[in-house]
Amino acid sequence: MWREIRDREAGQTRPSSFKSRVESSRIADIQLSNYKEFVSPHRGSINSLQVDLTEGRYLLSGASDASAAVFDVQRAVDYEAGGLIAKHKFLFSVDKQCENGHKYAVSSAVWYPIDTGLFVTGSYDQCVKVWDTNTTQVVMNFKLPGKVYKTAMSSLASSHMLIATGTEDVQIRLCDIASGAFAHTLSGHRDGVMTVEWSTSNEWVLISGGCDGAIRLWDIRRAGCFLVLDQNRTQLGRRPPVLPRTSMNKVSTSGALSSSQHSFVKPRAIQKKPNNGNGIKPSSLSRTPSKVSVKQRLHPGLLSCQDRATAHYGAVTSLGMTQDGTYLLSAGSDSRIRLWDVDSGCNTLVNFETVRLQTSKTIQLATTHDSTLVFVPCMSSVKAFDIWSGRTITTLRGHYEYVNCCWFNSQDQELYTGGNDRQILVWTPSRLSPNDDPESTEDRDNWSD
Amino acid sequence: MEESGGKVRALIEKATNSTASHVDSRLLKAIKTVVRYSDSEVRLAAQTLMDLMKRDHSQIRYLSLIIIDELFMRSKLFRTLIVENLDQLLSLSVGFRRNLPLPAPPAVASVLRTKAIEFLEKWNNSFGIHYRKIRLGFDYLKNILRFQFPNLQANAARIQQERRERAMKSMEILRNKFEMLTKNFTLIKEEIHSTVDEINECLEIARSKEENLPFGTLDDEDFDEFRPSELQQLRIDSLKEAEKIRENSENKVVFDALRELYKLLVTKHLVSLKEWISVLIRVEMADNSSRDSMLKDFIDIRNSLLSVKKKCMESGCSLPETEKHLKDEEEEDFWEEGKVEPSEIDSSSTPAEPSKKSLASTSEEVKIHTHKHNYENPKIKKPLVGQHGSTDSNPLRSKLMAEAPIMNWGSYLDNWGPKRDVMANYRGLELESHWGRVDYDAVIPAEKIAELSLPAMLYKEEQVEIQPCNAPLRKGGLCQRRDLKVCPFHGVIVPRDGEGNPLHQSNVPNNTNNQNTMVDDINFNLGDNLVEKLAEKAVKNVRNRDQEESRKRKFDKRLEKRAKLAKIREHNESVLRHAALASTSHSAVSGEEAEAASEEGHLFREKKETLASMLRKKVTSKDRLSKRLLNTRASDATIRQLTIGEDATYREAFPNQW
């Protein structure tokens, strides 16, 4: 630790690498926090957690008792046990008592990505509501044809304000906040849509996972989906380049270099952005020429055999993109987690050592900022996997019932998890200096005989 | 190191392998000492205990939980190790997961659950701050699963608080009293002083009067040697007696005053003094100087009072005695309620007539006692005959009481005796607003009333004594089943001796004969019961004797009958022997069975109680019964027995027909 700081002082290590090194070391020994806890006002299982994307300070939770609450992650409301335990009480909550509040369980609650003035909740009462944070009033209400499983807003959208909703219905509807109407209806899934996710690299690309086991990628500017992920289309050949890349990520000191190395891998290449597309197509063709050509040819309406491809046996319960938008993680009710190369649409065959996953509910994965770890709720525990090798790094046990969602706060390297036992738990890196812990008097060996 | 490593494991396993409800304290101590000095031992112990908690036996889990608690409260390392898997531990000990209920012996399992909840609360109270997982577990069980925690600490705190409040309240009262005392202190002192002074004066007066009287001179010391000591003692006593002041007509007034003052002194001042002193001792004030001085004063006063009292006692022996006497009487009268006499007695026994007093008082007392008796009688209703004390005073009444029947209580007793018509609308109820006419003079005739209030009598069945089967059981003792004819396990009921062996060779007609005798017995019993009833009414004591006699008679009669039947049997046996050769008798069969069963039973019982035996389901009497009854062989045998029995009754009716 001290040596690293000295190196940094001497300018031997770059700031970014120093930062990532510290971060990864902190993440490595993440554990249940004893000095920080959220006082959950929910009286039902917690289905969704999200920290706002602008300040990284306000945690939004949605729960089965039709309520949603906001917590301040940074500042505690009161302290207990002589300032040892910081209790974070909710700043406000909205529930059934609220005017126009949800009637049934809130399945999904997300922040408006641009600021914290709005948030969106989707509920089993077939409604998606947009709330004003300051007045805690509903400002917009979308009535959908079935239970809402998942809502999503694109974090990098600059030209649209669409809420993607996955519902019981086979169609994905995009609710436009600007107009208050459904802007799009995307049909293609053969069963309810469990989860939707916007691409982290392209504001027009939407990814959806359905109960029919298919993961579809949509370009919302065009009709139909342009890619259905097939679990049988594998890409073992691409794996060797993946591993060096990650090791490079860790070791290499220049972020710029690595990004330049990867740029040709990005899916952006294949899709829109016409200026880029031309330049990069040859490189991707050179790697997997046949596949790309097929895709290109088929684009608007896919071949029916390709259209029937499945990504999981059973429903797809969760989707998560790495921060650079290159890879996609999906979890299914077949208790598998798969890592997809979005570029080629291939299953990378990484074997994640899962035990069991919840099957009936949408779960929420969380990836670290540098795409090294993924946190997956595995029944009543949360497991941290190495994304590239699938190894289990740690198993976080603390919940007494199933865990539904987790959110990684990369700013503080904290993990928040919510489960059926109505608790929101905070997992933090263990404190640096043990002197801070006044464990002195009470918690000691006490041998009376 | 490795050796000792095995040691803690062995110790724990040994400690948990027991059926007792607690861990052997020696083993526990050994475990603690082993674990104390090495971290690896702690790790091993935690591992072993968690493994044991996974065993499918509540007893093992219970004992390991106790050991876990012991170590948990002591070792920090152990705590951290256990807390890691706290959810697992809780699910194994509390059994809150529906798919993982607690294992077999249900009694132990419930104890395990309560204990685990109790421990969790304790851990949470003492270490919850340092371990988030303990807090979480506690919270989960308490707020989400709504387990009832014993809440020991809060209860203790509440009790403490209550006690403190009570103490505060009593302190407040004491302080108030003390303040009152400080106000009234001089007053009290003066009052007491004046009383004491008066007593002293009275004594002075009495004494001075007494001195005028001539004393018999006593100058016979020279005779002393010759007299026996007893006589001497007697004489000294009489002399002393003479020295005492005698009450006579002259100083009567003085004595009266003295007596009254004395009474005042004893009943009021001394008692109140005692109270004040206790208050002073108990009270806690900011400055104790005034209190101490007061206390000192009070003690002085008390001592002076006591000395005065003693003087009074010395002055007249009769004084305290009469006082006491009077007091006694007064008290007695006071507590007798509803009497007219007390005031009279009081007036008669007041010190106005002290000369007669001693005699009068005794006679009065006697009178009072007799009165008391007379009054007692009607008050306490003696239910029946046999009360000696009161009988002589009211012979007619006791006679009537003896004759009166004992009635059960009921509403018909309200209308006992009077044969009157009853007004129907005579209750003062508001009837005006009812529709229709109201007949205020409506009357329910007396017959109707009598009819309505007919006492209900319940038919009581006469208790028939059914003889127990008395067949020997394989676990010892005799079968206590009472069946009329046939015991389902031991066949036809046969008279048996003390060890359960049949008195006679059990043969078929033989049995039926016995049945008949039994029925006769029962009949006889009924008659006897009637006699007994009469006897009960007449004299209580006779009853027991009679019962014994009747029993004896019964027995005699039975023997007689047996003897009579024996002859017929003798004849019949010879006939039946042939029949017996054809078919096996039931008694033989059942005998075999019993033997076989008893053998296997012994094997079962001889085993010591082990953990495995706790798991085994207890064989209840119901199981045994069903096993026995559903046994085809047994049921067949019973059926056969019964049909043969029917045959036999026919044969009994015509005994000479074969």
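The values are calculated or read from the model by the stated rules, or taken from the named source; none is laboratory data. Quantities reported herein were computed from a predicted structural model and do not represent experimental measurements. Every residue, glycine as well, gets a Cβ built from its backbone with ideal geometry; the counts of neighbours run over all protein chains shown.
From B:L603, B:L581, B:L625, B:L576, which residue is in a helix (DSSP H, G or I) and at pLDDT 75 or above?
Sole residue among the options that is in a helix (DSSP H, G or I) and at pLDDT 75 or above: B:L625.
Could you say which residue among B:L27, B:L11, B:L63 is assigned to a helix (DSSP H, G or I), in contact with a Lys or Arg (Cβ under 7 Å, 6 or more places away or on another chain) and not charged (D, E, K, R)?
Checking each option against the conditions leaves just B:L27.
Pull up region A:30-55, narrow it to residues that are of a type outside the set (S, T, Y) and more than 14 Å from chain B (Cβ to nearest Cβ), then point me to the one that is farthest from the chain's Cα centre (by Cα).
Applying the filter and picking the extreme gives A:E55.
Under the condition of being more than 14 Å from chain B (Cβ to nearest Cβ) and either on the phi > 0 side of the Ramachandran plot or part of a loop (DSSP other than H, G, I, E, B) (or both), which residue from region A:387-403 is surrounded by the most Cβ atoms within 10 Å (Cβ to Cβ)?
If we take residues in region A:387-403 being more than 14 Å from chain B (Cβ to nearest Cβ) and either on the phi > 0 side of the Ramachandran plot or part of a loop (DSSP other than H, G, I, E, B) (or both), then A:I387 is surrounded by the most Cβ atoms within 10 Å (Cβ to Cβ).
Identify all residues within region A:404-428 that are in contact with a Ser or Thr (Cβ under 7 Å, 6 or more places away or on another chain) and more than 12 Å from chain B (Cβ to nearest Cβ); write none if there are none.
Passing the criteria: A:N404, A:C405, A:C406, A:F408, A:S410, A:E414, A:G418.
For region B:614-630, name all the residues that are of a type outside the set (D, E, K, R), surrounded by 11 or more Cβ atoms within 10 Å (Cβ to Cβ) and free of Cβ contacts under 8 Å to residues at least 24 places away in the same chain.
Residues satisfying the conditions are B:V619, B:L625, B:S626.
Considering region A:69-97 alone, what residues qualify as being under 17 Å from A:W131 (Cβ atoms) and touching a strand residue (DSSP E or B) at 6+ places or on another chain (Cβ under 7 Å)?
Matches in region A:69-97: A:A69, A:V70, A:F71, A:F90, A:L91, A:F92, A:S93, A:V94.
What are the pairs, 6+ residues apart or on separate chains, where a residue within region A:392-412 that is more than 19 Å from A:E37 (Cβ to Cβ) has its Cβ under 7 Å from a residue that is in a strand (DSSP E or B) and charged (D, E, K, R)?
Listed by first residue and then by second, the contacts come to A:T392/A:K383; A:I393/A:D386; A:T395/A:K383.
Looking only at region B:139-162, count how many residues are of a type in the set (K, R) and closer than 18 Å to B:G128 by Cα.
The qualifying residues number 1.
Just give me the residues in region B:97-133 being within 14 Å of another protein chain (Cβ to nearest Cβ), touching a residue at least 40 places away in the same chain (Cβ under 8 Å), farther than 19 Å from B:L152 by Cα and not basic (K, R), in sequence order.
B:Y131 - this is the single residue of region B:97-133 that is within 14 Å of another protein chain (Cβ to nearest Cβ), touching a residue at least 40 places away in the same chain (Cβ under 8 Å), farther than 19 Å from B:L152 by Cα and not basic (K, R).
Residues are listed down the side, and each one gets a yes or a no for (1) among the basic types (K, R); (2) at negative phi; (3) touching a helix residue (DSSP H, G or I) at 6+ places or on another chain (Cβ under 7 Å); (4) crowded, with 16+ Cβ neighbours inside 10 Å:
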position	(1), (2), (3), (4)
A:K19	yes, yes, no, no
A:R26	yes, yes, no, yes
A:E55	no, yes, no, no
A:V94	no, yes, no, yes
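Condition first: outside any helix (DSSP H, G or I) and either farther than 28 Å from B:D87 by Cβ or of a type in the set (V, I, T) (or both). Can you find one or more residues in region B:44-60 that meet it?
no
So for region A:93-115 (the condition being within 23 Å of the chain's Cα centre (by Cα) and farther than 20 Å from A:Q364 by Cβ), does at least one residue qualify?
Yes: one or more hits.
If you take the residues in region A:70-88 that are surrounded by 15 or more Cβ atoms within 10 Å (Cβ to Cβ) and within 24 Å of the chain's Cα centre (by Cα), which one is nearest to the other protein chains (Cβ to nearest Cβ)?
If we take residues in region A:70-88 being surrounded by 15 or more Cβ atoms within 10 Å (Cβ to Cβ) and within 24 Å of the chain's Cα centre (by Cα), then A:H88 is nearest to the other protein chains (Cβ to nearest Cβ).
Can you pull out the residues in region A:326-342 that are in a loop (DSSP other than H, G, I, E, B) and crowded, with 24+ Cβ neighbours inside 10 Å?
A:V342
If a residue must be under 36 Å from the mean Cα position of the chain (by Cα) and either more than 30 Å from A:R397 (Cα to Cα) or within 14 Å of another protein chain (Cβ to nearest Cβ) (or both), how many such residues does region B:138-153 contain?
Residues meeting the conditions: 1.
Say whether the condition of being closer than 13 Å to A:L32 by Cα, surrounded by 21 or more Cβ atoms within 10 Å (Cβ to Cβ) and either within 12 Å of chain B (Cβ to nearest Cβ) or under 12 Å from the mean Cα position of the chain (by Cα) (or both) is met by at least one residue in region A:360-372.
Within region A:360-372, not a single residue is closer than 13 Å to A:L32 by Cα, surrounded by 21 or more Cβ atoms within 10 Å (Cβ to Cβ) and either within 12 Å of chain B (Cβ to nearest Cβ) or under 12 Å from the mean Cα position of the chain (by Cα) (or both).
Would you be able to say whether some residue in region B:458-469 is surrounded by 12 or more Cβ atoms within 10 Å (Cβ to Cβ) and in a strand (DSSP E or B)?
Looking through region B:458-469, at least one residue is surrounded by 12 or more Cβ atoms within 10 Å (Cβ to Cβ) and in a strand (DSSP E or B).
Take B:R98 and decide whether it is surrounded by fewer than 21 Cβ atoms within 10 Å (Cβ to Cβ) and assigned to a loop (DSSP other than H, G, I, E, B).
Judged against the criteria, B:R98 is a match.
Scan region B:111-137 for residues that are within 41 Å of the chain's Cα centre (by Cα) and of a type in the set (F, W, Y) and report the count.
Count: 2.
Going by the conditions given, is B:R43 farther than 29 Å from B:M614 by Cα and more than 14 Å from chain A (Cβ to nearest Cβ)?
For B:R43, the condition - farther than 29 Å from B:M614 by Cα and more than 14 Å from chain A (Cβ to nearest Cβ) - is met.
Give just the number: which of (1) over 48 Å from the mean Cα position of the chain (by Cα); (2) crowded, with 23+ Cβ neighbours inside 10 Å; (3) not aliphatic (A, V, I, L, M) does B:T16 not satisfy?
(1) is the only condition that B:T16 fails.
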